[in-house]
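Encoded as structure tokens, the structure appears first; notes follow it.
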Ligand code: LLP
């Protein structure tokens, strides 16, 4: 499987964005996150064209939680995207990347008072309110600041997205948002309309992530448009924004066939347009918040292969060959958290037949399996392993477990490379440590 601008070059090496992956590994060291900037750009453009064609009045808000660094925010700003942030840290990164605050949506089921103050002070486009406590706090904070903060209400449409339970968020049994069915969402709308300092513009939902069908969207859309109708009928207010969240899945393995961005735009737009036509409502501005489907397939992590070890296994009887690489749990916690599966290539043997079975392990002090089973060409110590589709929720979820330094990130495009996050140093690991005098 080759993704985006990936190809096999004349040296039988993996090339990404016109750059030889083996040379990138030599220049920047490993582990290394490589981002295919042309693919990121392409995905944003495809999203915009598709929703423009299928719906008309739309906004595409990149979900920063998937991968957010200053350069990514600057790229999203250049592409005229909106941005979804979920913490003060993500908001701060966006502002440092010169992202216009009026195109930012601020999410979270528990935004701290400081975060609400910061969102108001910088003038974010919408705060997506998740609880009654937040409504009250936001109202008083905005009033104290002499501002009117535009908001959306996060609703729970009660739809099962059939994805991993840890990334399923739109069911009624969820910590997020106000349930529509039990009347909480209507109560929140009424409260929002009463409170000073805030201005209710619309409603939001996010059903789940890595969705491999469009059905959850087409099931959620009528629930949301039905709720817009209920709001008009009960309180006489026509809301102008409908945000349907993110969630479109990507290819981690060749056998994954997620709906295309075009398919999502077509099905979702039709479901929304039908719903509003039935309700006799005017067309709200439609927001979507893709994260993974913008950046996931655009990311590749390069590792250097270290020890290789063969063991006998009883069930089924045979052998297993462990290939250890110079990263693991700290740069990609997704296999451990979600049993996530990945595809990979040997970057320096990219065109060779994958005929041998391997298990790829990390180098942390536990059984951090990155890929339980994979076929690759014969692997040798010193080879460069390129794990694909690591652009979303890898760098953003990376940790310093075992005091590993987090890897650098490069953007590649048209044969050029830009370092956008440098490798952490050992001193970076200590920058927040303090040594009390009595222990010195
Ligand atoms: N909007 C909201 C409100 C969200 O909560 C999320 C993701 C998104 C948009 C973007 O969803 P996407 O298009 O990326 O699926 N750490 C997990 C994923 C958690 C997703 C949380 N919310 C993982 O590694 O799979």
Cα gyration tensor, region 90-222 - rounded (a/c under 1.5), prolate or oblate: oblate
Extension reserve of the residue 215-residue 173 stretch, reckoned as 0.36 nm per residue once the Cα distance is removed: 13.2 nm
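Please give the direction-averaged projected area of the C-alpha convex hull for the chain, in square nanometres with one decimal.
24.4 nm²
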If I take R0 = 56 Å and measure r between the Cβ atoms of residue 230 and residue 311 in this structure, what FRET efficiency does the formula 1/(1 + (r/R0)^6) give, to the nearest 0.05? 0.40
If you count the DSSP beta bridges with both ends in the chain, what percent of them are antiparallel, to the nearest 5? 50 percent
So what's Rg/Rh here for region 235-332, counting alpha carbon atoms and using the Kirkwood radius for Rh? 1.26
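What FRET efficiency, computed as 1/(1 + (r/R0)^6) with R0 = 45 Å and r the Cβ-Cβ distance, is obtained for residue 9 and residue 77, rounded to the nearest 0.05?
FRET efficiency, residue 9 to residue 77: 0.90.
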Using the per-residue mean of other Cβ atoms lying within 10 Å as a proxy for protection, in what order, highest first, do the peptides 204-212, 267-275 fall? 204-212, 267-275
Degrees between helix 184-194 axis and first principal axis of the chain (Cα, 0 to 90, nearest 10): 60 degrees
If you average the C-alpha positions of region 209-279 and of region 371-440 separately, how far apart do those two centres end up, in angstrom? 36 Å
So if we plug the beta-carbon distance of residue 193 and residue 112 into 1/(1 + (r/R0)^6) with R0 = 25 Å, what FRET efficiency do we get, rounded to 0.05? 0.50
Which order, highest average first, do 148-157, 10-19 follow once you tally other Cβ atoms within 10 Å for each residue and take the mean per peptide? 148-157, 10-19
Using only alpha carbons, build the gyration tensor for region 37-295 and give me the equivalent ellipsoid semi-axes, biggest first, whole Å. 26, 23, 16
Most mobile of 91, 113, 430 per a Gaussian network model of the chain (Cα springs, under 10 Å)? 430
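Read the figures in this text as sums done on the coordinates, not as results from a lab. In this text, all values refer to a predicted model and were calculated from it rather than measured experimentally. No Cβ is skipped: glycine too gets one built from the backbone with ideal geometry, and neighbour counts run over all protein chains shown.
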